[in-house]
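Following: one structure in structure tokens, then a few remarks.
We did not get these values from a lab; they are worked out from the coordinates using the rules stated. Quick caveat: nothing in here was measured; it's all calculated off a predicted structure. Here Cβ is always computed from backbone atoms with ideal geometry, including for glycine, and neighbour counts include all displayed protein chains.
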């Protein structure tokens, strides 16, 4: 049985992943962009306190856990068995906690991402050609920018694809302290000098930046004036993106992702008890994950707390031979297939090993997020799982 290590023994990367910090940052940034509050600190405190109350109210629900499931075809015991039809009929109250609904409801009324970009705004997003080396270098740089830490792979690629080239000559001012913001910049070639005014209003050199570094990211989310002056030190080539394009990309990518995830979730049998907006809330909680070739995503016998859907690629299903103890391949899972759903509901060991054949892109949902959103629906899901247990076609093939 796997035991969770104390926080103090985790590496920084492990701790951030364990606590799902990326998802928290994602929620904070998106909420700020949607509402544009005057008092950012108060807004964040209120947002996080709402999440805390919701989490506390749902953690009292039973902690359930893991197995494996369905491709749309053959059955391999309870690994690939589809759950039976709906277990309830008629109208029911929302599965979502009132605190979550209040938060989401207000967000829906303010769905425009910013005061400059409303829900009816149509932004033409152009892709600017780049060679592979430049594209990969820009991807690497954006991963260092805190503002972009919550971006998923598709969003990051869309962001870099939309960046446009800006060239500056020696001593040309790229941004000026006190001016209105325009673009975020990544330096491809050359050097810049960064100045800030002292109390006497004289520019003081405070830093320099070179290829691979960036500046001006607050221009993408804030209307605040520039806090420093950046001047080209020789010829400089930058890649840039403006606020309207950035916010348009977030809005477009978020909408596309939601719809795609929603369609996938509608094919998950045990989620068919959910209403439309509940499905969308689950879609918003999903996180992307890329498995390397031959990576074991879940292992037979381990306790699990994550549910996966395959977005692209193929996985093999392995079960231990009772006589030899060796892993034996009993089937495959492809795009649209899902596994590990029992991990959201029951604290039982995984019944099979799922291994990536090549690189596999997945989306996943952890048990804590699932119960934070849908804890009040626990009884419905348990009833559905009884159908899962009692199906007569639970046989090994």
- Note on the structure: Taking every C-alpha to C-alpha distance in region 326-369 and binning by 5 Å from 0, the per-bin percentages run 5, 15, 27, 24, 20, 8, 1
- Task: Measure of size requested: the Rg and Dmax of region 250-376, with Cα atoms as the atom set and Å as the unit; please supply both.
- Result: 15.2, 54
- Note on the structure: Dimensionless Rg/Rh of region 293-339, both radii on Cα and Rh by Kirkwood, sits at 0.98
- Item | Among 39-48, 355-364, 291-300, the order from most to least packed when residues are scored by Cβ within 10 Å on average | 355-364, 291-300, 39-48
- Task: Any chance you could tell me what percent of the C-alpha pair distances in region 132-248 go past 16 Å?
- Result: 59 percent
